[in-house]
Amino acid sequence: MTRKHHRLGLLAILWLTLGIWFFPQAALATETSLRNGWEYRWGDSPQDANGHFLWASEPTGTSGWLPMSGTANPPHRHGNETLWMRHQLPAGEWHHPVLFVSSIDLIGEAYIDNQQIFRHGSLDSNGQVQFAGWSWHTIPLPDVSEGKVLYLRIHSDYSDIGLWGKVAIMDESAVLPMILATSWEGLVVATFCLIVGSLASLLVLSPPRQWRLGSVGFFSLAIGIMLLAENDSRKLLLDIPLLWNYLAAATYFSLPIAMGLILEHWFPQVRTRFLRLIWLALLAYLTIALSMSLMGMISLSSTFPSFDVLLLISTILMALLALRRCHTFNIHQYLVLASYAAFVFILMLDMAVAHSIIDWFEVPVHFGALAFTLSMVIISLRHYTQTQRELNHLNRFLESEVAERTSELQSHVKQEHQRASLIALEHSKSQALADLIDRLQGTAALEHALEIIVDALPELTSPLRGAFYRQNTDEPLLSLTHHWPKDYQVPATLPSSPSGGTDNRPPSWLFPLDIPRPQQDALHLGILWLEPNTRLLPNSEYHERTRRLIETGITRVALVLSSISLQEKLATLSYNDGLTGLRNRRYFEELMFHEAVSALRNQTSLTLAIVDIDHFKLFNDRFGHSAGDVVLCGVAQLLAESFRDNDVVCRLGGEEFVILLPHAQANDALMRIDQMTQILASTNFKHAHQPLGTVSLSCGIASFPCHTSDPHTLLEIADNALYRAKQSGRARITMAE
Ligand SMILES: Nc1nc2c(ncn2[C@@H]2O[C@H](COP(=O)(O)OP(=O)(O)OP(=O)(O)O)[C@@H](O)[C@H]2O)c(=O)[nH]1
């Protein structure tokens, strides 16, 4: 829509409003009030033979008629249920004049010139008043009515009797504008209350139930319907006065119940069993009164006075209950109470007017209702805003709590994840360590074992980067033997006692690989260098655990190495001859077997010489055992020096030696032993400064494949040759045959 259209729309609304306002005002200008100047007479009029009421034809000034003030409840009723009223009609310029009456208590008939011109309601067959509802009426008057007397015959078993509200003569055409003029405000307020009530009630129907708003909604709905049911325009909508009166009664009776609910939900401090009893009693009254009325047991009109009393009492009681705790109220509660007090004041005023306690005037109940509903809407909105603000605050708090908990949880999950991966890593490393130790168990030589360990280190320590430095005997620096990954830059050497932090890199882990030794310092084999990785070891716990794991691994490996070292030492001891330092018989036998197999497989030559010192027993006997040992050691040394590195000299036992010469011929052996015996012949042994003289040797030589096709028999053949050398006079070398 354009701005021009907007302006036209606003103008139309303005003109309509002015039209509604001014047109009736203009119409009102022609009305003549008839609220004063009435005469009354209690009781019913006798009738003539034609059924005409005699009182309705009595001229003014006749006795029996008394002037009355106002239009209802003349004095001295004394239980009378029938009242006659009359008024001389004034002069006026009217077209189709009518007497407008806001309401009649309760049944009325109108007569002019003894003719009945109007009737509202009737008596039942027992002559009892049948309530026909309260509504405005237009009593048609003759066009020329000046000076004529209008008689009203009224029946009422209600507390009030007579005409109520506006009583005025006007043109019939002026009635509708006047009704619209007097009722539109009430209609607007009723609509507003109904909308507010419906919205608030909807909020209660859907969770989360806002009972506070619900109680306000109930109140607003009740006021809205009540205003509509009491609005003059209702008759234009639906001309069934009794139906409107039932609606008005139900909603009017609901007001204190709604107030009870408001007190319950807006004033938790006031919430008592007594309060609930009050509004439950009112609810019971509403139900019983309306049911009995609907069933015809009582008149609807009779339920109002007793309810008015109940309303008064319950309002006072509720006010007392509320005031008892007023020191604990907050601003919203004070505002609710003040609005309700103002509204109740207007209701009481209306009640007083209804019962003619004070003279009739248009009590602005709808303004009271509007003020109350508006207050409640504003208070509810304020309360709602405040609650929303608090909820938002709470939400933000909860969100931050949830975020905190979530991050805690995530960090726990991360930690658990890391722990699980660490455990998996530990497990796989333990497995790898177990495999390494298994492999080391089958290793006899320390050097070989070290090679295996260094090869396994990258797998054992991955994903950490590292290096291994070897400690060589008598060298001050450790030298790099291995590093992983290949591009990992590490120093080529390390001092014997390095510290973790070198050059610009973070402190490295250095694990010495030492073998403990009895009664001497540990044997330093080398140092394992590892670079702790902060990504893999996110916190100190994992850092420490990993470090301990590696330390434990190193300790286990060192123990295995220690065992290998011991075995190696024992093996050395078991293969060597303790006296001469030569290999012993056991070594010879194993070597012999190995060399024999090799010679046979490769068809290479293998020569064996067996040497025996001549008359050694005599020597021993003459010079003593210790001197014999000196000779044994001397011969052993000479033998060892006489042969190549590949040749192995062993002491078979006693004074008997054997030399195994792989890839050698028998003559090679012969030549070397011959040279050696020449040296021996010129060697004068000494022991304890005592000259021992010289010794001679006998020797048998056998060679494969020269003397045998089976190298395993070489010893036997050579021994036979030695035997023959001995037999032949000793100090000689004999070849196998
Ligand atoms: N001093 C010393 N004597 C040993 C050792 N082992 C064996 N004997 C001695 O070597 C002697 C070997 O004597 P026999 O087997 O009779 O041989 P032999 O006296 O050399 O006589 P023939 O071999 O026939 O020339 C024995 O008296 C042993 O006690 C040892 O380690 N040291």
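If you stretched the chain out fully between Thr328 and Ser407, how much longer would it get, using 0.36 nm times the residue separation minus the C-alpha to C-alpha distance?
Working: separation 79, 0.36 × 79 = 28.44 nm, distance 4.25 nm.
Length difference between fully extended and current span is 24.2 nm.
Taking the alpha-carbon distance from Lys617 and a cut-off under 21 Å, which lysines remain once sequence neighbours fewer than 8 residues away in the same chain are dropped?
Lys686, Lys726
Testing the spin-label approximation: label points 7 Å from Cα along Cα→Cβ at Arg382 and Phe361. State their distance in nm.
3.0
Can you list the lysines whose alpha carbon sits under 28 Å from that of Lys486, skipping same-chain ones fewer than 8 residues off?
Within the straight-line limit of under 28 Å, Lys486 reaches these lysines: Lys429.
Nearest 0.05, what FRET efficiency do Val630 and Asp438 give at R0 = 60 Å with Cβ-Cβ as r?
The computed FRET efficiency comes out at 0.80.
Would you list, by chain and number, the aspartates and glutamates whose Cα falls below 19 Å from the Cα of Lys148, excluding same-chain residues fewer than 8 positions away?
Once the sequence-local aspartates and glutamates are set aside, what remains near Lys148 is Glu31, Glu39, Glu58, Glu93, Glu109, Asp113, Asp171, Glu172.
Order these peptides, 433-445, 625-637, 148-160, 383-395, by their mean beta-carbon neighbour count within 10 angstrom, highest first.
148-160, 625-637, 433-445, 383-395
Under the Karplus relation 6.51 cos²θ - 1.76 cosθ + 1.60, θ = phi - 60°, what is the ordered set of whole-Hz ³J(HN,Hα) values for region 355-365, x standing for Gly and Pro?
Per residue, the Karplus-derived 3J(HN,Hα) values read 9, 6, 6, 10, 4, 5, 7, 6, 6, x, 4 Hz.
On the protein heavy atoms, probe 1.4 angstrom, tell me the percent of accessible surface of the chain carried by carbon and sulfur.
Values: 22660 of 38490 Å².
Roughly 59 percent, rounded to a whole number.
Kindly give Rg over Rh for region 585-735, based on alpha-carbon atoms, with the Kirkwood expression for the hydrodynamic radius. Display every interim value, and only then the final one.
Working: Rg = 15.4 Å, Rh = 15.6 Å.
Rg/Rh: 0.99.
Quick one: Cα convex hull volume of region 32-179, Å³ per residue? Provide the component values of the computation, followed by the final result.
Details: hull volume 16.4 nm³, N = 148.
Value for region 32-179: 111 Å³ per residue.
Run the paramagnetic zone check for Trp211: 7 angstrom along Cα to Cβ, then residues of region 254-275 with backbone nitrogen under 15 Å.
258-275
Could you compute the FRET efficiency for Glu531 and Arg586, with r as their C-beta to C-beta distance and R0 at 41 Å, rounded to 0.05?
The computed FRET efficiency comes out at 0.25.
Could you work out how much longer the chain between Asp455 and Ser33 gets when fully extended? Use 0.36 nm per residue separation minus the Cα distance between them, nm to one decimal.
Full extension of this stretch gives 139.5 nm more.
How high is the FRET efficiency between Ile240 and Ala371 when r is their beta carbon distance and R₀ equals 30 Å, given to the nearest 0.05?
Working: r = 30 Å, r/R0 = 1.01.
Calculated transfer efficiency: 0.50.
With Kirkwood's inverse mean 1/r over C-alpha pairs for Rh, give me the Rg to Rh ratio of the chain, two decimals please.
Across the chain, the Cα-based Rg/Rh ratio is 1.69.
What list of ³J(HN,Hα) couplings, whole Hz, do you get for region 34-40 from phi and the Karplus terms 6.51, -1.76, 1.60, once you set θ to phi - 60° and write x for glycine and proline?
10, 6, 10, x, 8, 10, 9
Taking the Cα-to-Cβ direction at Ala420 and at Arg547 and moving 7 Å from each Cα, how far apart do the two end points lie in nm?
2.8
So what is the accessible area of the chain per residue, in Å², with the probe set to 1.4 Å?
Value returned for the chain: 52 Å² of accessible area per residue.
Find how many whole Å separate the alpha carbon centroid of region 366-440 from the alpha carbon centroid of region 104-182.
Their Cα centres are 75 Å away from one another.
May I have the convex hull volume per residue, in Å³, for the Cα set of region 139-191?
So the per-residue hull volume is 121 Å³.
How do the peptides 576-586, 176-186 rank, highest first, by the average count of neighbouring beta carbon atoms within 10 Å per residue?
Highest-to-lowest ranking by the protection proxy: 176-186, 576-586.
Calculate, in nm to one decimal, what Met671 and Glu447 gain on full extension: separation in residues at 0.36 nm each, minus their alpha carbon distance.
Computed gain between Met671 and Glu447 is 76.9 nm.
The values are calculated or read from the model by the stated rules, or taken from the named source; none is laboratory data. These numbers were taken from a predicted model, which means no experiment stands behind them. Backbone-built Cβ (ideal geometry, glycine too); neighbour counts: all protein chains shown. The accessibility values were calculated without ligands, DNA or RNA, using every heavy atom of the protein model including side chains. Shrake-Rupley method; radii C 1.70, N 1.55, O 1.52, S 1.80 Å.
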